[in-house]
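Written out below as structure tokens is the structure these notes cover.
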Amino acid sequence: MTDPIDDAEPTARQTARQRADELRTLQRKRDRRGWWLLRGGIALGIVVVVAIVSFALVTFTRPSGRGPANMLSDGIVLGTDLKAQRTAPLAAGDDPVPTSGASGDVVRIRVYIDYFQPGAKAFEKANSAQLREWATSGAATVEIHPVALAGTGPDGAQYSIRAANAAACVAQYSPDTFFDFSDALLEAQPAQQTSGLDAAGLVKVARAVKVERPTQVAGCIRSMTFERWAQQASQRASTGPIVGSDVKTITSTPTVILDKKRWTSTDPADSASLAEAFVGALGQSFTDPSATPSPSGSATPGRSATPSGSATPSDG
């Protein structure tokens, strides 16, 4: 007969070995889990570091509210031959510095433009030629303020910001082509109820007018370098006041100010009305259809004050 004690001993040893095997298996699982947790923690740490570095790079390339060079007033001033007045950039957190008034025989014209508003396009189409003529001749300075007001369509407000940022990029890197770029951007205005041009489309417009430093302009447009500035400049315009004028706030565009007075026409395409206001700002009154105000304030025979085909102001 087998001794029960002898039978118990191998069973106990087997149980002990099984328990030891289970403990070793459990430990290996814990070790593997710990290794994966460690590996996951390292990966997470790398992701966090990359995110921090990326944020720092974006912050560096997209200044926090710093304005573009040549737009210290939130606008760019174009004078004789449409050359831009050079200014330092507006520092982040600073208020814009209003442009000092022009001399008595030069009209200071300020134009606020949202590049997605149809009225701004209508104004450009009807008045660009005479604005160009007045500035080129030295009879006026034209100060253009890109703004982004409430947009229409699924991406209207965002497009207005993209367009204002693109304008700021041109002001920064190619200021003497700003007038041409602004015109081209309005001519390329997308249909309402659309998302507007993307970065590639805006870069294409810039290259079409042969901006200087096209690589820098393109990089600035793509990275939305002046997005914060565009938002803040638009906020300043929409809350006002507009220094040195009778305008309290900018609620729609175009808003046009000649010296200190707002052009009050309800039709942005009324070039005759704008010409009359311009002549009035020069302190002139004339009826000669072949006369135009000159920088000295006298009428100069042989040139038209308005684009071909537009009405001539009579008694400003």
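The values are calculated or read from the model by the stated rules, or taken from the named source; none is laboratory data. Since the structure is predicted, the reported quantities are computational estimates derived from the model, not experimental observations. Heads up, the Cβs are rebuilt from the backbone with ideal geometry, glycines too, and the neighbour counts pull from every protein chain shown.
Could you count how many residues in region 179-215 are within 18 Å of residue 84 (Cα to Cα) and over 14 Å from the mean Cα position of the chain (by Cα)?
10
Any residue in region 59-79 that is surrounded by fewer than 24 Cβ atoms within 10 Å (Cβ to Cβ) sitting within a Cβ distance under 6 Å of a residue that is among the aliphatic types (A, V, I, L, M) and modelled with pLDDT under 95? List the pairs, counting only those 6 or more apart or interchain.
Qualifying pairs under 6 Å: 64/92; 65/92; 66/92.
Just need a number here: residues in region 106-140 that are out of contact with any His (no Cβ under 6 Å at 6 or more places or on another chain) and either assigned to a loop (DSSP other than H, G, I, E, B) or among the hydroxyl-bearing types (Ser, Thr, Tyr) (or both).
10
So for region 261-273 (the condition being within 18 Å of residue 165 (Cα to Cα), in contact (Cβ under 8 Å) with a residue 12 or more places away in the chain and either aliphatic (A, V, I, L, M) or in a loop (DSSP other than H, G, I, E, B) (or both)), does at least one residue qualify?
For region 261-273, residues within 18 Å of residue 165 (Cα to Cα), in contact (Cβ under 8 Å) with a residue 12 or more places away in the chain and either aliphatic (A, V, I, L, M) or in a loop (DSSP other than H, G, I, E, B) (or both): absent.
Scan region 88-105 and tell me whether some residue there is under 22 Å from the mean Cα position of the chain (by Cα), on the phi > 0 side of the Ramachandran plot and either part of a loop (DSSP other than H, G, I, E, B) or aromatic (Phe, Trp, Tyr) (or both).
Within region 88-105 (the criterion being under 22 Å from the mean Cα position of the chain (by Cα), on the phi > 0 side of the Ramachandran plot and either part of a loop (DSSP other than H, G, I, E, B) or aromatic (Phe, Trp, Tyr) (or both)), the answer is yes, since at least one residue qualifies.
Given (1) crowded, with 23+ Cβ neighbours inside 10 Å; (2) touching a Gly at 6+ places or on another chain (Cβ under 8 Å); (3) among the aliphatic types (A, V, I, L, M), where does residue 164 come up short, assuming only one miss?
(2)
Identify the residue in region 167-206 that is part of a loop (DSSP other than H, G, I, E, B) and polar (S, T, N, Q) and, among all such residues, is modelled with the highest pLDDT.
Among those residues, the one meeting the criterion is 174.
Counting just the residues of region 236-255 that are more than 16 Å from the chain's Cα centre (by Cα), of a type in the set (A, V, I, L, M) and at pLDDT 95 or above, which one comes out farthest from residue 67 (Cα to Cα)?
Within region 236-255, the match that is farthest from residue 67 (Cα to Cα) is 247.
Residue-by-condition table, conditions (1) out of contact with any Pro (no Cβ under 7 Å at 6 or more places or on another chain); (2) loosely packed, with under 14 Cβ neighbours inside 10 Å:
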residue	(1), (2)
181	yes, no
190	yes, no
199	yes, no
203	yes, no
215	yes, yes
226	no, no
241	yes, yes
261	yes, no
266	yes, yes
